[in-house]
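A quick write-up on the structure given underneath.
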Amino acid sequence: MRALTIAVLLGLGLALAAHAQRRNPGLAVFGQVLGKPLSIPECERHSAWDAAANERRVLSDRQALVAAGYKPDAITKVEAKAAERAASAAASAPLIYRRTGEDDAPCIRSIGYTEFPPIPADGKVLLHFPRGGEPAWLGDDHVALTLVAGNVTEMRADTGVMSRRVV
C-alpha cells in the first residue's frame, strides 16, 4: 500500500511538472533561454600584440640607421635590444577580442574599451553577431544582455528605428 501511495504521488508530481512546463516553457531568444545561465560561448580573444606592426617598425628603424651611417655591428646591437623589448611587450600584452564582426558565430563579449574583464556574474554583456549574420531587423551588431547571479534576465536590442525592449 505504501509503495502504491508513493507511486501515485510521484506520478502526480511528474504530471503537474509536465503541465507547468507546457503552460510556461522557457523563452529562448537567439538560442539563449531567459532565466538560465549563458549558453552562448564567449567570443575568442587574442593577444593585443601586433607582430606585423613591430616588423614594420624594425624595418623602418634599420633603414634609418643605415641611412645615418651606422656600422652593421651597431645596427645588430640596436636590433637585439629592440627584439628583447618586443618579446617582453608581446608576453605582457593583454588579451582582447577580435575586431567587431570577425567572429564566426554569435558570441558573448564583456564590456570594456581597451581591457575587457572576464564575463561577470552580475552586470551587462553583449551578444555579438558575425558580420552578415545579424538578424535583419537588428539595427546594430549586438544585443545587450543583463546577468543576475549568472542567469540571463533581460535582452535589449536596437532595431535601428528606435531602441526597443525585446524581452
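Has segment 68-90 got any residue that is of a type in the set (S, T, N, Q), within 30 Å of A28 (Cβ to Cβ) and either part of a loop (DSSP other than H, G, I, E, B) or modelled with pLDDT of 80 or more (or both)? Looking through segment 68-90, none of the residues is of a type in the set (S, T, N, Q), within 30 Å of A28 (Cβ to Cβ) and either part of a loop (DSSP other than H, G, I, E, B) or modelled with pLDDT of 80 or more (or both). Annotation: of all residues in segment 130-142 being more than 13 Å from I111 (Cβ to Cβ) and surrounded by 13 or more Cβ atoms within 10 Å (Cβ to Cβ), the one that is modelled with the highest pLDDT is P130.
Selection of first residues in segment 64-92 that are over 18 Å from A53 (Cα atoms) and β-branched (V, I, T) and of second residues that are part of a helix (DSSP H, G or I) and at pLDDT 85 or above, restricted to Cβ pairs under 6 Å at least 6 apart or on distinct chains, gives the following pairs, ordered by first then second residue: I75/L65.
Just one of the numbered conditions (1) in contact with an Asp or Glu (Cβ under 8 Å, 6 or more places away or on another chain); (2) in the same structural domain as F30 (by TED's automatic domain parsing); (3) among the β-branched types (V, I, T) is not true of V125: (1). All conditions but one from (1) in the same structural domain as F30 (by TED's automatic domain parsing); (2) in contact (Cβ under 8 Å) with a residue 24 or more places away in the chain apply to V58; the one that does not is (1). Scanning segment 42-57 for residues that are in contact with a strand residue (DSSP E or B) (Cβ under 6 Å, 6 or more places away or on another chain) and modelled with pLDDT of 80 or more yields a total of 3. Checking segment 97-120 against the condition returns no match, with no residue being surrounded by 12 or more Cβ atoms within 10 Å (Cβ to Cβ) and assigned to a helix (DSSP H, G or I). In segment 150-160, of all residues being of a type outside the set (S, T, N, Q) and within 17 Å of P41 (Cα to Cα), the one that is surrounded by the most Cβ atoms within 10 Å (Cβ to Cβ) corresponds to V152.
The values are calculated or read from the model by the stated rules, or taken from the named source; none is laboratory data. Everything numeric here is computed off the predicted structure, so don't read it as measured data. As a convention, Cβ positions derive from the backbone with ideal geometry for all residues, glycine included, and neighbour counts pool all protein chains shown.
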